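Written out below as structure tokens is the structure these notes cover.
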Amino acid sequence: MNSHDVVITGIGLVSSLGEGPDAHWQKLTQPGFQPVLDAERFAPYTIHPLPEIDWNLQIAKRGDQRQMETWQRLGTYAAGLALDDAGIKGNDELSTTMDMVVAAGGGERDEAVDAAILAASESRNDRDVLLNEKLTTELRPTLFLAQLSNLLAGNISIVHKVTGSSRTFMGEEGAGVSAVETAAARIRSGQSTHVLVGGAFQTEHSDMLLGYELAGYLHRGPWKPVWQRQGGEGGGVVTGSGGAFLVLEQREHAKSRGRRIYAELGPIVSGRARRRLSELDAEIVALLKQAELPAGELLTISGASGAHAATAAEKAALDANPALAVRGFSTLTGHMKEAQFPFAVALAAMAIDRKAGYPVFDATAEKPFDGAPKTVLATAIGYHQFEGMGLIKAA
Amino acid sequence: MANLKDHMGRPVVAVTGIGVVTSLGVGKTDNWAALTSGKSGIHPITRFPVDHLNTRISGMVDFLPSSSKGASHLTYELAETAAQEAVSEAGLDSGDFGGPLFLASPPVELDWADRFSLYNSDKKDGGSERLLRVARALRELDIFETTQFGSIADRLADRFGTRGLPITLSTACASGATAIQLGVEAIRRGECDKALSIGADGSATAEALIRFSLLSALSTHNDIPEKASKPFSKDRDGFVLAEGSGALVLESLEAALARGATILGIMSGCGEKADDFHRTRSKPDASPAIAAVRAALADAGMSEDEIEYVNAHGTSTPENDKMEHLSLSTVFGERIGSMPVSSNKSMIGHTLSAAGAVEAAFSLMTMRESVIPPTINYDNPDPAIVLDVVPNKKRNAEVRTVLSNSFGFGGQNTCLVMAREPV
């Protein structure tokens with residue numbers, strides 16, 4: 001134990017299951033819990049929709065809410081939950097010295113404007129002129145900021161007053177991995193005492209689905225658990241809206257202000273397999289080795305997306321170690337892209353804090369885990385690129 | 001013998017390779033010649049029609065093979081070109097760099113050209129249903145990869161043989177400086193002995209231009225394009241959208257000296273502070289910018305008296321230049337009136353995600369060449385901003401230390417302190 005150890009003192013979660021660690025724990029530990037699905041709105045794709053959220057609870061000013069599209073609002077909301085949970089929200093001294101690393105993609109375009117431009121393009125050859133004509137007159141001026149990647153962090157600064165530093169990492173699941181890894185490295189080296197880290201993904205927008213489907217990654221047809229989509233129609237990914245933020249803190253800093261500690265963040269490892277050269281299998285094995293797994297049964301919170309190749313590679317590598325009791329949480333939440341790794345870390349920390357594992361999310365592919373986990377593995381193997389994992393330990 | 005550790009006991013970080021591309025040309029030689037002769041790269045837009053647009057000028061990079069191939073391809077080529085120059089200058093293996101990659105690049109979106117072509121490839125249904133249906137029948141990944149935020153860095157990692165999971169980041173107009181800061185911090189923490197930091201932006205599409213236009217951020221002085229960017233002038237009316245890239249090879253001084261590399265400069269300090277005031281406007285008292293400058297000085301272990309030149313953010317927007325002046329005059333006091341402060345953006349426009357890296361490259365060259373590039377178009381000084389902006393003509397001067405400012409939309413402020421020599 002070291003005073004510069006990284007501990008988790010705040011968790012903010014939103015998904016189709018609800019909001020906050022308690023709601024998630026209750027549902028995820030209910031044996032045979034059935035996911036919340038919407039198979040109609042974006043058919044033939046199934047999604048896990050956002051729960052009902054009272055944005056006012058974390059974003060007090062309506063004016064602020066109007067300046068954000070749903071993705072930014074969702075992230076700002078989840079960040080607020082984590083700050084509240086860590087007792088930082090509203091504390092000026094802690095907020096203004098807090099660093100922040102946000103994993104972000106892009107926000108929501110104006111679907112109506114885009115659809116009108118595309119429809120008009122069928123009868124016009126001067127498409128570039130059409131674009132100027134429509135965009136200059138129909139785009140809402142503030143939409144740009146409401147969808148801009150770094151403005152999720154910008155809004156967190158404005159709404160929650162986190163202003164020590166602000167960085168936004170981009171790059172799907174890998175951005176979430178790097179965000180946690182970098183935040184932890186800052187704390188371990190003494191550069192930061194407390195860091196807000198996380199991401200959000202709002203899938204209920206056609207462009208967010210298009211981002212997967214341009215490579216045929218989405219699962220179609222009847223919903224199935226994440227491990228059972230190989231050979232099914234489509235590419236295996238079922239997406240979900242959600243967000244996950246963590247407050248990471250230097251152990252000494254957390255102790256000195258008397259905060260409850262969920263868990264300690266152990267080693268975070270990451271990599272970039274050249275998947276075209278079939279390096280993924282070996283990369284996952286190498287990361288598992290680097291993570292220095294403890295001996296004995298190990299609860300493993302997998303962020304597997306369902307994407308056929310990546311999920312098969314991850315499953316093979318995890319199955320090869322009989323000590324791992326794997327839980328693919330995308331079965332119940334859907335894939336949340338940039339938020340995937342922070343979400344996995346949060347679920348791992350909750351299991352340690354509550355001294356219990358999760359029941360199987362898919363009885364055909366997962367095995368039981370009994371007892372109180374002392375260490376939990378969290379993974380995020382990107383559906384297309386980038387890989388990471390980390391160990392979360394009892395504090 | 002130079003100190004290998006800084007005032008906080010961390011490894012000193014040296015620059016051993018520099019690369020740059022702007023509308024003024026490819027590479028340091030051409031850029032420096034143009035920059036020091038006060039030449040502007042701002043020109044009329046020819047990449048797309050300008051019908052209906054209020055702003056019809058930019059500092060786009062129109063001379064690369066990817067210039068007409070969309071934001072993702074151009075951003076990649078800009079990054080690759082600058083990185084190749086930097087890695088070659090450093091004398092390192094450009095296919096096996098062996099350190100991490102930090103890339104500042106613009107957020108990606110499906111280009112309109114692809115959107116139109118996908119949509120019009122069939123006639124069934126309409127709107128997003130049609131796009132999704134056509135998308136899932138695609139049998140190649142080219143378009144998909146332009147929509148993945150990590151793809152440019154992934155390709156660069158392949159190309160240069162960088163180590164580990166590359167980080168792609170955005171802190172808006174401060175991104176390039178943040179990429180450098182991340183590299184500096186990784187070396188200081190002992191995670192690596194070298195890092196490749198790149199800022200690249202080839203995203204000056206019609207939609208990007210319109211978005212900034214709708215925020216009233218762009219200059220509309222279309223008639224004489226090279227005169228449109230006029231930082232610190234009374235009649236400044238917005239920034240000029242531009243493209244470019246800057247790349248630095250960062251190395252621990254110890255590793256660089258051990259392999260006999262030429263030391264091009266020292267990254268002495270990095271500082272940042274976020275603003276919580278507004279999405280596009282800075283806090284009226286400039287306190288976040290002031291705090292970012294002070295944090296960079298503290299990180300460098302320098303007092304304000306030790307800074308000899310400021311490479312300003314100097315965007316030419318009414319708001320930024322006023323706020324930047326307030327922050328500099330607060331930090332440097334009386335001295336600010338006699339201290340050279342110039343804006344490269346007067347010539348190259350605002351290269352957005354690349355700006356911090358491009359301007360760090362020029363800051364390092366300023367020290368090496370003992371020439372300060374001017375702020376051009378300074379014909380009508382803003383009486384409220386009393387600065388020595390190195391007006392219109394370069395100045396020969398010994399410069400041992402530089403402060404380079406980057407202040408972004410969304411309140412992300414990053415400042416870098418660089419030195420010519422190790423101490």
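Values for this structure:
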{"item": "One residue from A:LEU151, A:LEU145 being facing chain B (nearest Cβ under 9 Å) and at pLDDT below 95", "result": "A:LEU145"}
{"item": "Inter-residue pairs, beta-carbon under 6 Å, first touching a residue at least 60 places away in the same chain (Cβ under 8 Å) and in the range B:287-301, second part of a loop (DSSP other than H, G, I, E, B), 6+ apart", "result": "B:PRO288/B:ASP275; B:GLY301/B:HIS7"}
{"item": "The listed residue being among the charged types (D, E, K, R), in contact (Cβ under 8 Å) with a residue 12 or more places away in the chain and touching a Lys or Arg at 6+ places or on another chain (Cβ under 9 Å), out of A:ARG186, A:ARG167, A:ARG229", "result": "A:ARG186"}
{"item": "Scope the range B:383-399; condition out of contact with any helix residue (DSSP H, G or I) (no Cβ under 7 Å at 6 or more places or on another chain) and either under 22 Å from B:GLY176 (Cα atoms) or surrounded by 20 or more Cβ atoms within 10 Å (Cβ to Cβ) (or both); matching residues", "result": "B:VAL389, B:VAL390"}
{"item": "Hey, B:GLY98 in contact with an Asp or Glu (Cβ under 8 Å, 6 or more places away or on another chain) and touching a residue at least 40 places away in the same chain (Cβ under 8 Å) or not", "result": "no"}
{"item": "Condition met for A:ILE301 (more than 10 Å from every other protein chain (Cβ to nearest Cβ), at pLDDT 95 or above and over 19 Å from the mean Cα position of the chain (by Cα))", "result": "no"}
{"item": "Answer residue from the range B:272-294, given it is closer than 12 Å to B:SER327 by Cβ and in contact with a strand residue (DSSP E or B) (Cβ under 6 Å, 6 or more places away or on another chain) and is surrounded by the fewest Cβ atoms within 10 Å (Cβ to Cβ) among those", "result": "B:ALA291"}
{"item": "Residue match in the range B:335-356 (condition: farther than 22 Å from B:ALA179 by Cβ, part of a loop (DSSP other than H, G, I, E, B) and without any contact (Cβ under 8 Å) to a residue 60 or more places away in the chain)", "result": "yes"}
{"item": "Test result for B:SER370, on the phi > 0 side of the Ramachandran plot and at pLDDT 95 or above", "result": "yes"}
{"item": "Among (1) crowded, with 24+ Cβ neighbours inside 10 Å; (2) under 19 Å from B:THR75 (Cβ atoms) - the single one B:ALA208 does not satisfy", "result": "(1)"}
{"item": "Filter result for A:ILE59 (within 22 Å of A:ALA351 (Cβ to Cβ), crowded, with 19+ Cβ neighbours inside 10 Å and hydrophobic (A, V, I, L, M, F, W, C))", "result": "no"}
{"item": "Hits in the range A:129-160 - residues which are in contact (Cβ under 8 Å) with a residue 40 or more places away in the chain and part of a loop (DSSP other than H, G, I, E, B)", "result": "A:THR142, A:LEU148, A:SER149, A:ASN150"}
{"item": "Elements of type helices (runs of 4 or more DSSP H) in the range B:98-200, at least 2 residues being of a type in the set (Lys, Arg) and within 30 Å of B:ILE18 (Cβ to Cβ)", "result": "B:151-160"}
{"item": "Qualifying residue in the range A:254-272 (condition: in contact with a strand residue (DSSP E or B) (Cβ under 8 Å, 6 or more places away or on another chain), among the charged types (D, E, K, R) and under 30 Å from A:VAL360 (Cβ atoms))", "result": "yes"}
{"item": "Among the residues listed as B:ALA255, B:ALA291, B:ALA298, the single one being assigned to a helix (DSSP H, G or I), within 14 Å of chain A (Cβ to nearest Cβ) and farther than 26 Å from B:ALA384 by Cβ", "result": "B:ALA298"}
{"item": "In the range A:1-45, the residues that are assigned to a loop (DSSP other than H, G, I, E, B), buried (at least 20 other Cβ atoms within 10 Å of the Cβ) and not polar (S, T, N, Q)", "result": "A:ASP5, A:LEU17, A:PRO35, A:PHE42, A:TYR45"}
{"item": "Residue within the range A:172-194 that is touching a Phe, Trp or Tyr at 6+ places or on another chain (Cβ under 6 Å), in a loop (DSSP other than H, G, I, E, B), more than 7 Å from every other protein chain (Cβ to nearest Cβ) and surrounded by 24 or more Cβ atoms within 10 Å (Cβ to Cβ) present", "result": "no"}
{"item": "In the range B:120-175, the residues that are among the β-branched types (Val, Ile, Thr) and at the interface with chain A (Cβ under 7 Å from one of its Cβ atoms)", "result": "B:ILE143, B:THR147, B:ILE167, B:THR168, B:THR171"}
{"item": "Wholly enclosed helices (runs of 4 or more DSSP H) of the range A:50-128 bearing at least 3 residues more than 16 Å from the chain's Cα centre (by Cα) and within 12 Å of another protein chain (Cβ to nearest Cβ)", "result": "A:62-66, A:92-96, A:111-121"}
{"item": "Filter result for B:PHE362 (free of Cβ contacts under 8 Å to residues at least 60 places away in the same chain and aromatic (Phe, Trp, Tyr))", "result": "no"}
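Yes/no matrix, rows are residues, columns are (1) surrounded by 18 or more Cβ atoms within 10 Å (Cβ to Cβ); (2) among the polar types (S, T, N, Q); (3) assigned to a helix (DSSP H, G or I):
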residue: A:VAL269; (1), (2), (3): yes, no, no
residue: A:ARG276; (1), (2), (3): no, no, yes
residue: A:GLU283; (1), (2), (3): yes, no, yes
residue: A:PRO294; (1), (2), (3): no, no, no
residue: A:GLY306; (1), (2), (3): yes, no, no
residue: A:ALA310; (1), (2), (3): yes, no, yes
residue: A:ALA313; (1), (2), (3): yes, no, yes
residue: A:ALA316; (1), (2), (3): no, no, yes
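The rows are residues; the columns are (1) part of a loop (DSSP other than H, G, I, E, B); (2) among the small types (Gly, Ala, Ser); (3) modelled with pLDDT under 95; (4) surrounded by 22 or more Cβ atoms within 10 Å (Cβ to Cβ).
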{"site": "B:MET8", "(1), (2), (3), (4)": "yes, no, no, no"}
{"site": "B:ASN31", "(1), (2), (3), (4)": "no, no, no, yes"}
{"site": "B:ALA34", "(1), (2), (3), (4)": "no, yes, no, no"}
{"site": "B:LYS39", "(1), (2), (3), (4)": "yes, no, no, no"}
{"site": "B:THR46", "(1), (2), (3), (4)": "yes, no, no, no"}
{"site": "B:ASP51", "(1), (2), (3), (4)": "yes, no, no, no"}
{"site": "B:ASP62", "(1), (2), (3), (4)": "yes, no, no, no"}
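The values are calculated or read from the model by the stated rules, or taken from the named source; none is laboratory data. From a predicted model like this one, the values you see are computed outputs, not experimental measurements. All Cβ positions, even for glycine, are placed from backbone atoms using ideal geometry, and neighbour counts span all protein chains on display.
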